[in-house]
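Asks: My questions all concern the structure below.
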Amino acid sequence: MRVTTVTGAMMTKPNQKPENGLLNILINVVIPVFILNQGSKRVGPLVALLVALAFPLVYGIWDAYSRKKVNVFSALGFINVAITGGLALAGLGGIWFCVKEAAFPFLIGSFVIVSAFGKKPFVQTLLLNPSLMDLELVEQKLQERQAQGEFHKHLKSSTVYLAGSFFFSAALNYFLAIKIFIPLDPLLDSTARSIVLNEQIAKMTSSSFAVILIPSMLVLMAILWHLLSGIKKHTGLTTEQILKS
């Protein structure tokens with residue numbers, strides 16, 4: 001039986017697995033980029049690119065088969081890795097990587113903010129997990145208080161904040177990339193250019209964790225706090241009642 005209430009998008013069909021937003025980011029973004037950066041030094045850029053592309057491709061196919069819908073993050077992850085690997089194989093650097101580093105989080109932010117104005121704001125997929133929260137109890141209390149409409153507005157605002165964090169990340173990525181991806185010396189041969197470019201990619205990845213990932217995680221925690229505050233406000237439940245032990 002399909003739930004059609006305001007939290008219906010949180011609940012899933014009995015035979016359908018809920019989408020895991022954090023697993024999406026890990027498989028479609030973090031692991032492929034790590035393989036692309038580190039694998040190029042060990043097995044060569046082409047093999048590393050093919051292995052990195054396999055993660056979002058295989059996961060996207062499996063997710064589409066199991067949930068009967070296209071995984072947007074897998075598509076974006078595949079494109080991101082393909083562009084990064086393609087630029088590296090072509091020996092291009094400088095402004096090309098600066099634009100790419102900014103474009104990817106900007107595209108994710110655009111997808112997230114568009115979802116805020118639909119029936120299923122993305123924050124539901126990312127944070128409202130039935131294995132972590134008692135969503136049936138949340139829905140019951142929303143119905144009792146007739147607060148479904150207000151709660152949907154809260155989900156919308158939380159998703160807008162989440163999109164804003166991606167746009168902020170895009171700006172940070174761009175300015176960080178300008179400092180790291182300096183133009184390659186045209187006098188270098190292809191091997192030397194690949195070595196320098198791989199070093200720049202590795203430095204960008206490691207720097208991103210400190211400069212971008214940590215602030216982004218803090219913002220995500222703030223959004224989660226904002227979301228939980230709204231759930232408690234509109235349902236009257238405590239944090240202990242909302243979260244499953």
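Asks: Mean shadow of region 100-245, computed from the convex hull of its alpha carbons, in nm²? Mind showing how you got there, number by number?
Replies: Details: hull surface 41.9 nm².
The orientation-averaged projected area of the Cα hull of region 100-245 comes to 10.5 nm².
Asks: Let me ask something else. Direction-averaged shadow area of the convex hull around the Cα atoms of region 51-165, nm²?
Replies: Details: hull surface 35.6 nm².
Its average projected convex-hull area is 8.9 nm².
Asks: Quote the convex hull volume per residue of region 173-220, based on C-alpha atoms, as a whole number of Å³.
Replies: For region 173-220, the hull spanned by Cα atoms encloses 59 Å³ per residue.
Asks: Could you bin all the Cα-Cα distances of region 104-159 into 5 Å bins starting at 0 and give me the percent of pairs in each, rounded to whole numbers?
Replies: Per 5 Å bin, starting at zero, the Cα-Cα P(r) for region 104-159 comes out as 4, 18, 24, 24, 17, 7, 4, 2, 0 percent.
Asks: Something else now. Give, in nm to one decimal, the length gained when the segment between residue 79 and residue 144 is fully stretched (0.36 nm per residue of separation minus the Cα-Cα distance).
Replies: 18.9 nm
Asks: Tell me the Kirkwood hydrodynamic radius of the chain in angstroms, computed as one over the mean inverse distance between distinct C-alpha pairs.
Replies: Details: mean 1/r = 0.0511 Å⁻¹.
Every distinct Cα pair counted, the radius reaches 19.6 Å.
Asks: Once both axes come from the Cα atoms, what is the angle between helix 72-90 and the longest principal axis of the chain, in degrees from 0 to 90, rounded to 10?
Replies: Computed tilt is about 10 degrees.
Asks: For residue 133, what residues show an amide H to amide H distance below 5 Å, using hydrogens built from the backbone and excluding near sequence neighbours?
Replies: For residue 133, whose amide H was placed from the backbone, the distant partners under 5 Å are 244.
Asks: In µm²/s, what is D for region 165-245 at 4 °C and 1.567 mPa s, where D = kT/(6 pi eta Rh) by Stokes-Einstein and Rh is the Kirkwood radius from Cα pairs? Let's see the in-between values first.
Replies: Numbers: Rh = 15.9 Å.
Rounded, D is 81 µm²/s.
Asks: Something else now. Calculated FRET efficiency, residue 233 and residue 114, Cβ-Cβ r, R0 22 Å, to nearest 0.05?
Replies: Details: r = 26 Å, r/R0 = 1.19.
Result of the calculation: an efficiency of 0.25.
Here, each number is a calculation from the coordinates, and none is a lab measurement. The structure displayed is predicted, hence computed values, not measured ones. Virtual Cβ from ideal backbone geometry, glycine too; neighbours counted across all protein chains shown.
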